[in-house]
Amino acid sequence: MPSVFLVGPGLIGGEVLDLLIKGEKYNITTLVRREAACPAFHELGVQTVLGSLSDKDVIATQTAASDIVIHTATADDLPSVQAILEGVRERTQRRQQTIYIHTSGASLLGDNAEGSYRSDFIFDDENPSSIDALPDAAAH
């Protein structure tokens, strides 16, 4: 049975988790930040590892033990990505393949209007140049 490591069982990850549970049979483990959240996952048949996106060793170790890694927490957290890649390298050295899927997470673009004024500008995925024009330091 393939093993899956889910990083970020929140908004997007929760939907992915539902599909994984309903679909094929997988051994699923998810990274959780709070121990109080573990029992709810265990009731679903999902194993948990306690940690945060900064816990490089936890993420790398679980990645090295997983056939499939799905990161849905954020696209902006370099340490968690580096930890996953470390685990993938370990699997590669053992001649094991890994499927790695990384979504962007859920984000919101804003202009800090705070209700004081209305802007007619709309950020749109069909016009990525408007989004790409934002400086890297902009809140996102």
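Quick note: the coordinates plus some simple rules give every number you see, no bench work behind them. These numbers were taken from a predicted model, which means no experiment stands behind them. All Cβ positions, even for glycine, are placed from backbone atoms using ideal geometry, and neighbour counts span all protein chains on display.
Things worth noting here:
- Computed from label points 7 Å out along Cα-Cβ, the spacing between Ile101 and Leu50 is 2.9 nm.
- DSSP H segments from the chain that extend 15 Å or more along their own axis, Cα-based, with Kyte-Doolittle mean of 0.5 or above: 11-22
- As a rough guide to protection, the peptides 47-56, 115-124, 33-42, 6-15 ranked by mean Cβ packing within 10 Å, highest first, stand as 6-15, 47-56, 33-42, 115-124.
- Spacing of the modelled spin labels on Glu15 and Glu43, each 7 Å from Cα toward Cβ, amounts to 2.4 nm.
- The simple Förster model, with R0 at 35 Å and r as the Cβ-Cβ distance, assigns Glu126 and Lys22 a FRET efficiency of 0.65.
- Only Cα sites of the range 3-102 enter the Debye sum here, all with the same form factor; the resulting log10 I(q)/I(0) across q = 0.15 1/Å is -0.53, listed in q order.
- Between Arg89 and Ala75, the distance separating the two model label sites (each 7 Å from Cα on the Cα→Cβ line) works out to 2.5 nm.
- With a Förster radius of 22 Å applied to the C-beta separation of Ala137 and Val58, the computed FRET efficiency comes to 0.15.
- From its DSSP helices (H runs of at least four residues, each -39,500 (n - 2.57)), the chain gives a residue-normalised ellipticity at 222 nm of -10000 deg cm²/dmol.
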